[in-house]
Amino acid sequence: YVPPQIRKAQETVDDKKREELGRLKKMVNGLINRLSEPNLSSISGQMEELYMANSRKDMNDTLTDILMNACVTAVAMPARLMMEHVLLVSILHHNVGIEVGAHFLEAVVKKFDELCKSDAEGKECENLLALIAHLYNFHVVHCLLIFDILKKLVSIFTEKEIELILFLLKNVGFSLRKDDASALKELITEAQRKASTAEKKFQDQTRVRFMLETMLALRNNDMRKIPGYDPEPVERLRKLQRALVHSSGSGKDTQLRVSLESLLSADQVGRWWIVGSSWSGAPMISDTKSQTQQKLHVGKVSSKIMELARKLRMNTDIRRSIFCVLMTSEDFMDAFEKLLK
């Protein structure tokens, strides 16, 4: 039961909070709408100020919602616009704290997994995959996650997945080759094996052939064989990123080395990649074990000693046990042996 006066106070707090969040959303939305390469410096500065003035949770939730609404649409988003949005997240990730990038990444990956399972007709999956690819391009996330996603797509291997594999390889293929060539080689071998077993399944073989050709071009480091591949825009924005990141840690040390499985099960097993993140889920040590460890046996002790222990407020098993050992031992060696037990 909540008394009426407290209920009223809670309602006004909720209204106040809602009003504050509405105001914050308007401010962030205004900044995101004006976002472009020339004014990235001033907008990232204003966003950092907002992070300092408001709670991190509110800011992370607001920013993620606005960016998801802006970037995840049923039509394909322009690559340049996508990069600028992700670059802003990357700058905040390095300057404010890794929980900014981690929160956004988790939301994107969960949405991507959800849409992959459903038969959505629009371009939402490609847009989400572009966000993940650029988070990797701008050193927010490690290549481990990209390889996890590629392995998952190769294991399903339908026409939709082949398009997504091609899209991802075109965006980050050569970076993956640079970061972990052996993992890329394994992935190509697996894709070739899948393609040979699934030949009868596809009416149109050209896409599968094109995907395998793209993979071989990546393995041989042949950029000319990938149509429409242009690393220049990403390189230019990386230079801008280096200029805007305050700390020297703009490189690999702030990358989130987190797997796809960890991100998808974050609600059950906690977020180990964020320092101080709360643990929600099953406790690591069950209570029954800790209770059995507490019961220490020091042999039979007289009721007189137990009564004395009670009077002296030895109120836990371990305190009582130590007290009884000290009071009943014959000499220091005997006491030492019993205490060790």
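The values are calculated or read from the model by the stated rules, or taken from the named source; none is laboratory data. Not measured: the values here are computed from a predicted model. Cβ: placed from backbone, ideal geometry, glycine included. Neighbour counts: every protein chain shown. We work out accessible area using only protein heavy atoms, side chains counted, and drop any ligands, DNA or RNA first. Shrake-Rupley method; radii C 1.70, N 1.55, O 1.52, S 1.80 Å.
A value for Rg and Dmax of the Cα atoms in Å was derived from the coordinates, and within the list (1) 23.1, 79; (2) 28.8, 91; (3) 22.4, 68 it appears as (2).
In the full protein context, the chain carries 58 Å² of accessible surface per residue, based on a 1.4 Å probe and ignoring ligands, DNA and RNA. Using only Cα atoms and rounding to the nearest 10 degrees, what angle (0 to 90) does helix 181-197 make with the longest principal axis of the chain? Long axis of 181-197 versus the principal axis of the chain: about 70 degrees. For segment 220-230, backbone phi angles converted through the Karplus equation (6.51, -1.76, 1.60; θ = phi - 60°) give residue-by-residue couplings of 8, 6, 9, 6, 5, 7, 9, x, x, 7, 9 Hz, Gly and Pro being listed as x. By accessible area, using a 1.4 Å probe on protein heavy atoms only, segment 34-80 has 55% of its surface on carbon and sulfur. Report, in degrees rounded to the nearest 10, the 0 to 90 angle that the Cα long axis of helix 40-53 makes with the longest principal axis of the chain. Approximately 20 degrees, to the nearest 10. Rounded to the nearest whole Hz, the Karplus-based 3J(HN,Hα) values (6.51 cos²θ - 1.76 cosθ + 1.60, θ = phi - 60°) of segment 158-173 follow the sequence 10, 4, 4, 5, 4, 4, 5, 4, 4, 4, 5, 5, 5, 7, 10, x, with x at glycine and proline. Centroid-to-centroid, using Cα positions, segment 86-158 and segment 199-242 are 18 Å apart. Using Cβ point charges alone (K and R +1, D and E -1), the dipole size of the chain about the Cα centre works out to roughly 700 debye. Here's how it looks for residue 256: its modeled amide H is under 5 Å from those of 141, 142, which are all 5 or more places away or on a different chain. Peptides 311-319, 174-182 ranked from most to least packed give 174-182, 311-319, packing being the mean of other C-beta atoms within 10 angstrom over each peptide's residues.
Helix-only estimate, please: 222 nm mean residue ellipticity of the chain, summing -39500 (n - 2.57) across DSSP H runs of length 4 or more and dividing by its residues, to the nearest 500.
Computed ellipticity for the chain at 222 nm equals -22500 deg cm²/dmol.
Compared with the dominant principal axis of the Cα atoms in the chain, helix 124-137 is inclined by about 70°.
Sequentially through segment 113-123, phi angles give Karplus couplings (6.51, -1.76, 1.60; θ = phi - 60°) of 4, 4, 6, 5, 6, 8, 9, 6, 8, x, 9 Hz, Gly and Pro residues having no value and appearing as x.
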